[in-house]
Amino acid sequence: MQPDLPPSTPLQDHPDRRTDERTRKSLRYSVIDGAFSASMIGFGESFFVPYALLLKANAFQVAVLSALPQALGSLIQFFSTALIRLLGSRKRLVVTAALLQGAMYIPVAFVFFFGAFRVWHLILFTCLYWAFGTVLSPAWNSWMGDLVNEHRRGQYFGRRSKITGMSTFLSFLAAGYILQAFGREDRVQYLGFAVIFGLAFASRMASAFYLSRKYEPSYAVPADEEFTFIQFLREAAHRNYGRFVLYLGLMNLSVFVAAPFFTPYLLKDLQFSYLTFAVIHAAAIIVKFLSMPVWGMAVDRFGTRRVLSLAGFLMPVVPVLWLFSHDLAYLIAIQVYSGFIWGGFEIAAFNFIFDSTSVRKRATCVAYYNVINGMALLIGALLGSAIVRAHVLFLSPYFMAFLVSGILRGAATVIFIPLLHEVRTVEPIGYPRLFFKIISNMPTMGLVYGLIPFRKKEKEEKATAG
């Protein structure tokens, strides 16, 4: 216990108290940064594929646009640790990359005038966008791992995710409304895209500003703590974190067999308006992020593996449900279910990384995970593209991709979940009881209270900051 300070010593000059206060402020700034970053996604990134369809992209180009930028961006993460050393801190890397990522919306908005190869130019600039966006990921994860108390991570990130989710939801709906207001003629519709990409640019700039205000604890990676990607792959099947990475890689490969094609299915096959398209996808967004705090508390109490496996076994049915009806209410119901399941899967996977990696190795571990994940996305999207072009069995060319995606998701979970083990000591619980607890707690969440991070009690902030 710290001794009382003498009356002549200002409270803010005490190093421990000053550090705690900077940490609490940084966690608040991280929520604001997350809200603006999520707005960038809602206004911009979420509409790259609709923009490509406006530019007359074919199925192969849609698949490449959906996966290649993320795959190439993930390869850049091989250099994340070197860039941290070069720039001298994780914070400098994160802020610089965020600014450069936002700047990519400028050339993206102008590819409409680039002629016959404008879809490929869009893919090029989107690759740069993802490169800047993903190179900061290992540094950001490592940085946040130092700021958030390990016993409150599920609660903090669940609350943060609910706020960022609301921001994504509102910006996504607003973008759909803006595009709808500009009509369907190509040149007029382009003006709508220019507006929403401008809003995405502004949102990322605001996000970078709040990132720059956060406190960064001291950090260094000793040479003897490093390990190569080949060493990681060699040991992956024998280590808990390695098996987790392989699981998520196969799961995301399975997801991207179908993921690039939900948008063209809605906009081209079903001829839905941009606003209807936005409403359908927004249903998943809002449910996912509203459910994350409940899932997060379950992660803290019952462990990441239990939540991850529950969500993993409930997920494979999602793309298969798209085969049975194109009724709007039915599609929204599917998205509600999908958002709920993805909320649990994402918060559990995110926290599993923190639980199963050491502080010193975390940035490298996250980088290697993202490299494998990026390659998996590309393979999945190309496989999905081949399935769509084959166009067999179903009336819609996209349905076979949806079915294969569901089968592969189930296979990934059945193979890998039994191989993972919980790192922390947690309270045991069966799957039916866990599911019931999650469902029964959903209506009791204080929505407005939880959406305003600054209303949390001081005691909760101190516990979270750790």
### Query
With each pseudo-label sitting 7 Å past Cα toward Cβ, what's the Arg360-Phe113 distance in nm, one decimal?
5.4 nm
### Query
Which of Thr96, Thr304, Thr364 comes first, and how do the rest follow, when ranked by fewest Cβ neighbours within 10 Å?
Thr96, Thr364, Thr304
### Summary
Between the Cα axis of helix 431-441 and the main Cα principal axis of the chain, the angle (0 to 90°, nearest 10) is 90 degrees
## Note on the structure
Ranked from fewest to most other Cβ atoms within 10 Å of their own Cβ, Tyr431, Tyr156 fall in the order Tyr431, Tyr156
### Message
Just to confirm a number: summing +1 for Lys and Arg and -1 for Asp and Glu over residues other than Gly192 whose beta-carbon lies under 15 angstrom from that of Gly192, what do you get?
### Response
0
### Query
Based on the Cβ-Cβ distance from His238 to Phe436, what FRET efficiency comes out when R0 is 35 Å, to the nearest 0.05?
0.45
#### Entry: Three-way shape call for region 228-367 based on the alpha-carbon gyration tensor, with the a/c threshold at 1.5
prolate
### Pair Gln231, Glu216: separation of 7 Å Cα→Cβ label points (nm)
2.4 nm
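Taking the Cβ of Trp143 as the centre, find all other residues whose Cβ is under 12 Å away and add up their charges (Lys, Arg: +1; Asp, Glu: -1).
+2
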### Message
Given contacts defined as C-alpha pairs under 8 Å and at least six residues apart, what's the relative contact order of the chain, whole-number percent?
### Response
27 percent
### Query
Over what distance in Å are the Cα centres of region 310-350 and region 55-115 separated?
28 Å
### Query
Ranking Trp120, Trp295 by Cβ neighbours within 10 Å, fewest first, what do you get?
Trp120, Trp295
### Query
Using a basic spin-label model with each label point 7 Å from the Cα along Cα→Cβ, how many nm lie between Arg424 and Ala103?
4.0 nm
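Each value in this text was obtained by applying a stated rule to the coordinates, not by laboratory testing. If you're wondering where the values come from, they're calculated on a predicted model, not measured in any experiment. Don't worry about glycine lacking a Cβ; one is built from the backbone with ideal geometry, like all the others, and counts go over all protein chains shown.
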